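We did not get these values from a lab; they are worked out from the coordinates using the rules stated. Keep in mind the model is a prediction, meaning the values are calculated, not measured. Cβ coordinates were reconstructed from backbone atoms using ideal geometry, including for glycine residues, and neighbour counts include every protein chain displayed.
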Amino acid sequence: MTFRNSESDPNIDKRFVLTGKALSVSTPAIMGVLNVTPDSFSDGGSFNTVEQACVRINEMVEEGASIIDIGGESTRPGSDTVPEQVELERVVPVIKQAVREFPDVMFSVDTTKYNVARQALENGVQMVNDVSGLRTSPGLADLCAEHDAALVIMHSRGTPKTMQNQPEYEDVVGEVLQFLKEKVQWAKNRGVREIVIDPGIGFGKTLEHNLELIRHLATFTGTGYPLLMGVSRKSVIGKILADEKGPRPVDNRLAGSLALQYHALIHGAAILRVHDVRQAKDILMIYRAVTGLSS
């Protein structure tokens, strides 16, 4: 695995090479969301069988996803923690079949649990997406180092059950940046070589907190680590687009999602985590054409 970030040499291509699978992040990539859960806020219950999940993976790969992020526990605001065994029963069979069916695709597991990540990595996943930012299971850093896997470190506060209970910050950009820097250093000290950061839009933040982070994305891309942005269909969009009937419903947030995703691309995002892959691929193609980036 050879990923070089701009801290070491700004002229070297930024690239993941994980178990023989290369993914450049010097030009942005798309991560497709696959929730094998009954209660995720957008697609819960849609892909609960191995067959349904693999059909969806095939669709997302054909539409332009370079990474598939598989999760077995909803992290929507107010959701309850899922027992480890339940999460394992949801994700491991899907991972086993998906890795066999799609040998050229890069897979990520969206989990905060050590044993779920361990079994996912042992069955061919190359990336761990930890929404707790190593707060729940610090040992995920050792696990990723052991398997030479990539680690996504996201900022959040509390748990999904409690994170939206009046979150407060004196300086949301500074505090999120400091958290990510500390966790990145921890992971590096444990031997993790491939690190991606995520400011955690919607995780323990008010609308204004989220907007402040979005306005200052250059602060995070300036760290030299690839920035993952997950804004697809999130409540921040529903609130911005609210009318007299209330926030915009989840299934009518596509235009808002694409607008924020394009904003993220302009400000240096390396990975877009999305539900609507084809449409995200379209804006990525437009972005590459406008900026002159190669595909």
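Estimate the FRET efficiency between Asp171 and Ala242 by the formula 1/(1 + (r/R0)^6), using the beta-carbon distance for r and 22 Å for R0, to the nearest 0.05.
Here the calculated transfer efficiency is 0.25.
At 7 Å along the Cα-to-beta-carbon direction for both Gln178 and Asp282, put a label point, then send me their distance in nm to one decimal.
Taking the simple label geometry, Gln178 and Asp282 are separated by 4.3 nm.
Note down the net charge around Leu211, summing +1 for each Lys or Arg and -1 for each Asp or Glu among other residues with Cβ under 14 Å from its Cβ.
+2
Fewest to most neighbouring Cβ within 10 Å: what's the order for Asp251, Asp276?
Asp251, Asp276
Can you tell me how region 15-283 classifies by the Cα gyration tensor, rounded, prolate or oblate, using a/c under 1.5 as the rounded cut?
rounded
Please rank Val94, Val196, fewest neighbouring Cβ atoms within 10 Å first, as an exposure proxy.
Fewest to most other Cβ atoms nearby, the residues stand as Val196, Val94.
What does the extension gain come out to for Glu89 and Phe102, with contour length at 0.36 nm per residue minus their alpha carbon separation?
Stretched out fully, the Glu89 to Phe102 stretch lengthens by 2.6 nm.
Quick check on region 104-216: take the gyration tensor over C-alpha atoms, sort the square-rooted eigenvalues as a ≥ b ≥ c, and tell me if it's rounded (a/c under 1.5), prolate or oblate.
Judged from the Cα gyration tensor, region 104-216 comes out prolate (a/c at least 1.5, a/b above b/c).
If each residue's Cβ is checked for other Cβ atoms within 10 Å, how do Glu122, Glu87, Glu73 rank with the fewest at the top?
Exposure proxy ranking, most exposed first: Glu122, Glu87, Glu73.
For region 72-158, what does the alpha-carbon gyration tensor say about shape, rounded, prolate or oblate, given a ≥ b ≥ c as the root eigenvalues, a/c under 1.5 as rounded, and a/b over b/c as prolate?
Cα axes put region 72-158 in the oblate bin.
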